[in-house]
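Below is one structure; the comments refer to it alone.
The values are calculated or read from the model by the stated rules, or taken from the named source; none is laboratory data. Everything numeric here is computed off the predicted structure, so don't read it as measured data. Cβ coordinates were reconstructed from backbone atoms using ideal geometry, including for glycine residues, and neighbour counts include every protein chain displayed. These accessible areas exclude ligands, DNA and RNA; they are computed on the full protein's heavy atoms, side chains included. Shrake-Rupley method; radii C 1.70, N 1.55, O 1.52, S 1.80 Å.
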Amino acid sequence: MRRFSRQFVERSIKASGWWLPLLVPIFFVPQVWAFVIGHKLLVAAAFAVIEGITVFVVWSLTPRPEEAAQPVLTTHSLQKVRTEIRFVTGADFAGMDRIFDSTLDPEEAMDDADFLELMNRGNLMRVMQEDFVTGSERISRIAGYYSFWPLRAAEFDLIVKGTLKEEHLRPCDIPDLDDPEVKVLYLSEVCSADDADHRSMLMRDMLRYILLLLNKHPNIESIAAWPSSDDGKRWSEKLGLKPCRPRWRGRSVHALDRRAILASPHLPSGQFKERVVINY
């Protein structure tokens, strides 16, 4: 369903623009015009069928995000030697961008410069890096990541109402974690490569980090997310996140208050670690 993007709409309009002008001169033929006037419903149905065929062809030819930008690294011929989860650095941007484009709609991405500015804060994103060897060569890739946006009540309310989309947030809208006005931890993205192992390890790390932040910052009242994927919906249901308001269309933001989170039986055991390393 993610092909309902700006690219799809633009291509549909252009495709319709190719054949519609060809029909205009026909209407200047008196016999044709008389037929159109006398058979309005039939002509309208014919136009609808032609336009439907046009849209279907454009739909079929518009690539899905996962078809357009797959991660370039294939792992079946490599030997994995290490997996690490850590805080992000600026050097991780290209790998994270590739993961995003292969799993989510690029139309929903934040501006690159703003995202890089948030990356440089160092405590809002965690990445999962996998290291492989093939012969004497060692290869690394970013196999997954997650990001949090600390939000004040005003910005979060705008997102819930649909007035503001998360990709339109600017760094000035996202205060530091230590800001006492922060009320919500908004889970912006959880992405992983299709062939990545240890996705559950990344999720456990995220839940441990949430628990750490809630214990460290009592002003944070809830966590929230827009579960756009099937995986996201399953995790939201498992953790007990509930819709913030009824929505018939568009995005439905889910949230859970801190008391329910801290009492959740689904929080993993063990302490949060700044670096989690598995050697094989």
Original post:
For segment 160-171, does any single residue satisfy the condition of being out of contact with any Phe, Trp or Tyr (no Cβ under 8 Å at 6 or more places or on another chain) and aliphatic (A, V, I, L, M)?
Top reply: yes
Original post:
Does residue 131 fit the bill of being acidic (Asp, Glu), modelled with pLDDT of 90 or more, farther than 25 Å from residue 164 by Cα and touching an Asp or Glu at 6+ places or on another chain (Cβ under 8 Å)?
Top reply: yes
**OP:** State all residues of segment 170-187 that are part of a strand (DSSP E or B) and open to solvent by less than 10 Å² (accessible area, probe 1.4 Å); if no residue qualifies, say none.
**Re:** 184, 185, 186
Original post:
Is segment 192-215 home to any residue that is among the acidic types (Asp, Glu), more than 20 Å from residue 96 (Cβ to Cβ), touching a strand residue (DSSP E or B) at 6+ places or on another chain (Cβ under 7 Å) and at pLDDT 90 or above?
Top reply: no
**OP:** Answer yes or no: is there a residue in segment 224-245 that is in contact with a Lys or Arg (Cβ under 7 Å, 6 or more places away or on another chain), open to solvent by 20 Å² or more (accessible area, probe 1.4 Å) and either on the phi < 0 side of the Ramachandran plot or part of a helix (DSSP H, G or I) (or both).
**Re:** yes
Subject >> Among residues of segment 102-119, those that are open to solvent by 40 Å² or more (accessible area, probe 1.4 Å) and either modelled with pLDDT of 95 or more or not in a loop (DSSP other than H, G, I, E, B) (or both), counted >> reply: 8
**OP:** Would you check which residues across segment 128-157 are of a type in the set (Gly, Ala, Ser) and not in a helix (DSSP H, G or I) and list them?
**Re:** 135, 136, 140, 143, 144, 147
